[in-house]
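Colleague: One structure follows; several queries about it will come next.
The values are calculated or read from the model by the stated rules, or taken from the named source; none is laboratory data. Since this is a predicted model, take the numbers as computed values, not measurements. Every residue, glycine among them, receives a Cβ derived from its backbone with ideal geometry; neighbour counts consider all protein chains shown. Each accessible area value is taken on the protein alone, full model and side chains, heavy atoms only, with ligands, DNA and RNA left out. Shrake-Rupley method; radii C 1.70, N 1.55, O 1.52, S 1.80 Å.
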Amino acid sequence: MKSVLQTLKEMVIKAIEQSFTDVLIYAEKVPQSGSKNCFGVTIKEVEQKPLLKGRREQWITICVEYQNFLEKRTKMESTEKAEQLYDVLALVGQKENQFFAGKMCHTMTEKGFCFEAIYYVQLHPVMTDSKMQRLEYNDQKLVGYGKI
């Protein structure tokens, strides 16, 4: 079973792939020297807090770095892509795996930008009841109970 962090990161990458079909996407940091425009998606920070009954909340910060290696008008092209990411990353995923970004911001860099989206997740523990049954050994009933 995938962790929430892995699922969220995959959903962010998939959302970027669907909106920016002509750009490479790395699941980690962007390489320093590149020959194509590309995105790098990393989990920057996870803040966790315990709640009642075994629940916990997480604030997950995803960093999407964009590097523009080809365009001559770097700043204008990068600004357009950053503006598009606000719409693309606001809500990612499908059905039961949807994540809403509570806060988003970006900072321009020399060759592109760094975009951060913070997603809130509340985790609930899965409780299973242990069923007990009477123990049997060689068709003989024993006194006592054991877990199934």
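Colleague: Within straight cross-link reach of Lys75, meaning Cα distance under 16 Å, which aspartates and glutamates are found once same-chain residues fewer than 8 apart are removed?
Modeller: Glu65, Glu83, Glu110
Colleague: OK, next. Compute the length gained on full extension between Leu70 and Gln58: take 0.36 nm times their separation in residues and subtract their Cα-Cα distance, giving the result in nm to one decimal.
Modeller: 0.6 nm
Colleague: Using the Karplus curve 6.51 cos²θ - 1.76 cosθ + 1.60 with θ = phi - 60°, work out ³J(HN,Hα) for each residue of segment 46-60 in order, rounded to whole Hz, and write x for Gly and Pro.
Modeller: Along segment 46-60, the couplings run 10, 9, 10, 9, x, 10, 6, 6, x, 6, 8, 10, 10, 10, 9 Hz.
Colleague: Fully extended, how many nm does the chain gain between Glu10 and Glu83 (0.36 nm per residue separation, minus their Cα-Cα distance)?
Modeller: Numbers: separation 73, 0.36 × 73 = 26.28 nm, distance 2.11 nm.
That works out to 24.2 nm of additional length.
Colleague: Where does the charge balance sit around Ile118 when Lys and Arg score +1, Asp and Glu -1, over other residues with C-beta under 13 Å from its C-beta? Display every interim value, and only then the final one.
Modeller: Values: positive: Lys44, Lys103; negative: Glu45, Glu47, Glu57, Glu116.
Combined, the nearby Lys, Arg, Asp and Glu give -2.
Colleague: Give the Debye-formula value of log10 I(q)/I(0) at each listed q (0.17, 0.24, 0.25 Å⁻¹), with one equal scatterer per alpha carbon of segment 1-97, two decimals each.
Modeller: Values, matching the q order: -0.81, -1.36, -1.44.
Colleague: Hey, another quick one. Residues of segment 6-49: accessible area per residue at 1.4 Å, in Å²?
Modeller: Values: 2760 Å² over 44 residues.
Per-residue value: 63 Å².
Colleague: Might you tell me the accessible area per residue for segment 54-111, computed with a 1.4 Å probe and given in Å²?
Modeller: Details: 3730 Å² over 58 residues.
Spelled out: the 1.4 Å probe surface of segment 54-111, per residue, equals 64 Å².
Colleague: Let me ask something else. Report the calculated FRET efficiency for Thr42 and Gln94 (r = Cβ-Cβ distance, R0 = 30 Å), to the nearest 0.05. Could the numbers behind the result be given before it?
Modeller: Working: r = 23 Å, r/R0 = 0.75.
E(calc), rounded to 0.05, equals 0.85.
Colleague: How large, in percent, is the carbon and sulfur part of the accessible surface of segment 1-92 at a probe radius of 1.4 Å? Display every interim value, and only then the final one.
Modeller: Values: 2960 of 5870 Å².
The C+S portion of the solvent-accessible surface of segment 1-92 is 50 percent.
Colleague: Now for a different question. Ranked from highest to lowest mean number of other Cβ atoms within 10 Å per residue, what is the order of the peptides 46-59, 88-101, 108-121, 2-15? It would help to have the intermediate numbers written out before the result.
Modeller: Details: 46-59: 11.1, 88-101: 14.5, 108-121: 18.0, 2-15: 16.4.
Ranking, from highest mean packing down: 108-121, 2-15, 88-101, 46-59.
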